[in-house]
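Below is one structure, written out as structure tokens; the observations come after it.
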Ligand code: GLN
């Protein structure tokens, strides 16, 4: 009973209780979740008490939502009152949040039970969950390989069946790329769809919280629970919560799928991923969709644009970690300057420092026009590329990442190579569009992700196409063999 759909059905039939589901999730979190280094903290007693409350409610005929009574994990950059939040950084050592993120409140209102926190790249900066004080999280398909990042722990835990779903955050691909590495669905909603209140900021104009699940239908349930305006996030959209899951009939007939020419010509794209993704486009076509070739001419500039804007915003957001306000403070300092300097030098890891330096440089008086301003202009051009492409199609499809999961330790010393891998994912963040990665088969025994993107606020079409694909194919049912649970 691993997937959210199965858990929901089991609860509805009375075959299983929320307490049993939570107990099982906790024991898997401490077993396989710890083995994969995917789960970095659990809340046992509190979660079990919430499970009992859910069971009692259900006993009296009240079910709050499809998530009521189901266990869920949070990426360790989403705050929960009284609990630690580390962002996988030494600088937040000892920090406990005085308040709940909006998504935490909404999960609770839906009856979901948060059982713990997952591993990630420090402050969500990375693509492999190796930049972490906890050490690297591992991929259940092959533990010597990366589970992707930065929300790698959440993806790995869902793929290994610790919980049926988990939350991550996606600034430039951090939900979709680990989803593709671990063979699960990962969605980044439209910018502003889900409140960022209580998500530790990396790059505020790009950050969105998103779910990992096994199926598009489950993803729709989570989006329903989390979405909707929040006055505490000034960039939250005025729209009410998305309520499209009953309309997901999965019909692909007549849907126009745009295939960007630029996504299949780069030298970084591996032949096996290209082949698998092309085969999936064929599967969509066979199910009634039309393929249309489209152009996204600024694709070659999206990685540099993203790394200028993301680092600029990060350098400003991370200024708040000064040793005075949150978490860790250097000891034995002589004066306040030394406190700032030493707290930050000792607290941040190398990738975070690299980005703070780059972002500070980009924003500095002499370079602002040449870099930051130019990047903002290119961002507008990228957005226009998509506006134009969506005149000819309903969704855009292509690879999520140029390769399958790479070995742990294989890339972490070569940041530029890692950055270049983000070529297919960062555009949706730059343009504010919803994007989703779904498993579309394996290459060399490892999952490949098919990415779909839709116009802003059109999660409905995105999830319809994704559920249609899952109706026609069984890629999402493939499991990593070694972590199959004994029934
Ligand atoms: N891999 C990208 C980066 O390193 C994306 C990170 C994210 O989405 N949080 O910035």
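The values are calculated or read from the model by the stated rules, or taken from the named source; none is laboratory data. Just so you know, these numbers come straight off a predicted model, no measurement behind them. Note that each Cβ is placed from the backbone with ideal geometry, even for glycine, and that neighbours are counted across all protein chains shown.
Using the structure shown, decide if residue 35 is in contact with a helix residue (DSSP H, G or I) (Cβ under 8 Å, 6 or more places away or on another chain) and within 21 Å of residue 182 (Cα to Cα).
In short, no.
Listed residues 420, 436; which is assigned to a helix (DSSP H, G or I) and within 27 Å of residue 272 (Cα to Cα)?
So the residue among 420, 436 that is assigned to a helix (DSSP H, G or I) and within 27 Å of residue 272 (Cα to Cα) is 420.
Inside the range 402-417, can you point out the residues that are outside any helix (DSSP H, G or I) and in contact (Cβ under 8 Å) with a residue 24 or more places away in the chain?
Listed by number, the residues that qualify are 402, 403, 404, 405, 406, 407, 408, 409, 410, 411, 412.
Taking the condition of being assigned to a loop (DSSP other than H, G, I, E, B) and away from the ligand (no atom under 11 Å from the Cβ), how many residues in the range 131-164 meet it?
Final tally of qualifying residues: 14.
Considering only the range 401-425, state which residues are more than 12 Å from the ligand (Cβ to nearest atom) and closer than 25 Å to residue 455 by Cβ.
402
Just to verify a result, which residue in the range 170-184, among those that are more than 8 Å from the ligand (Cβ to nearest atom), over 15 Å from residue 406 (Cβ atoms) and within 8 Å of the chain's Cα centre (by Cα), is surrounded by the most Cβ atoms within 10 Å (Cβ to Cβ)?
179
What is the number of the single condition among (1) within 16 Å of the ligand (Cβ to nearest atom); (2) over 20 Å from the mean Cα position of the chain (by Cα); (3) in a helix (DSSP H, G or I) that residue 469 does not meet?
The one condition residue 469 does not meet is (1).
Determine which single condition residue 85 fails, assuming it passes every other condition in (1) out of contact with any strand residue (DSSP E or B) (no Cβ under 9 Å at 6 or more places or on another chain); (2) closer than 19 Å to residue 209 by Cβ.
Of everything listed in (1) out of contact with any strand residue (DSSP E or B) (no Cβ under 9 Å at 6 or more places or on another chain); (2) closer than 19 Å to residue 209 by Cβ, residue 85 misses just condition (1).
From the list 486, 439, 480, pick out the single residue that is away from the ligand (no atom under 16 Å from the Cβ), closer than 30 Å to residue 27 by Cα and modelled with pLDDT of 95 or more.
439
Does residue 119 count as within 16 Å of the ligand (Cβ to nearest atom) and closer than 15 Å to residue 194 by Cβ?
no
Could you run through the range 238-268 and say how many residues are crowded, with 20+ Cβ neighbours inside 10 Å and under 24 Å from the mean Cα position of the chain (by Cα)?
Residues that pass the stated criteria total 5.
Hey, can you tell me all the residues within the range 65-100 that are buried (at least 24 other Cβ atoms within 10 Å of the Cβ) and on the phi > 0 side of the Ramachandran plot?
Passing the criteria: 69, 87, 88.
Is at least one residue of the range 370-387 within 16 Å of the ligand (Cβ to nearest atom), under 29 Å from residue 128 (Cβ atoms), surrounded by 13 or more Cβ atoms within 10 Å (Cβ to Cβ) and free of Cβ contacts under 8 Å to residues at least 40 places away in the same chain?
no
Go through the range 335-349 and give me each residue that's in a helix (DSSP H, G or I) and in contact (Cβ under 8 Å) with a residue 24 or more places away in the chain.
Listed by number, the residues that qualify are 343, 344, 346, 347.
Across the range 358-369, what is the number of residues that are more than 15 Å from the ligand (Cβ to nearest atom) and in a helix (DSSP H, G or I)?
Matching residues across the range 358-369 total 4.
Restricting attention to the range 200-224, which residues are outside any loop (DSSP other than H, G, I, E, B) and surrounded by fewer than 24 Cβ atoms within 10 Å (Cβ to Cβ)?
217, 221, 224
Picking from 203, 216, 225, 157, which residue would you name as being over 30 Å from residue 472 (Cβ atoms) and in contact (Cβ under 8 Å) with a residue 12 or more places away in the chain?
203
Can you confirm whether the range 225-238 contains a residue that is away from the ligand (no atom under 16 Å from the Cβ), assigned to a helix (DSSP H, G or I) and under 26 Å from residue 158 (Cα atoms)?
yes
Residue by residue through the range 268-295, note down the ones that are within 30 Å of residue 356 (Cα to Cα) and either touching a strand residue (DSSP E or B) at 6+ places or on another chain (Cβ under 8 Å) or in a strand (DSSP E or B) (or both).
269
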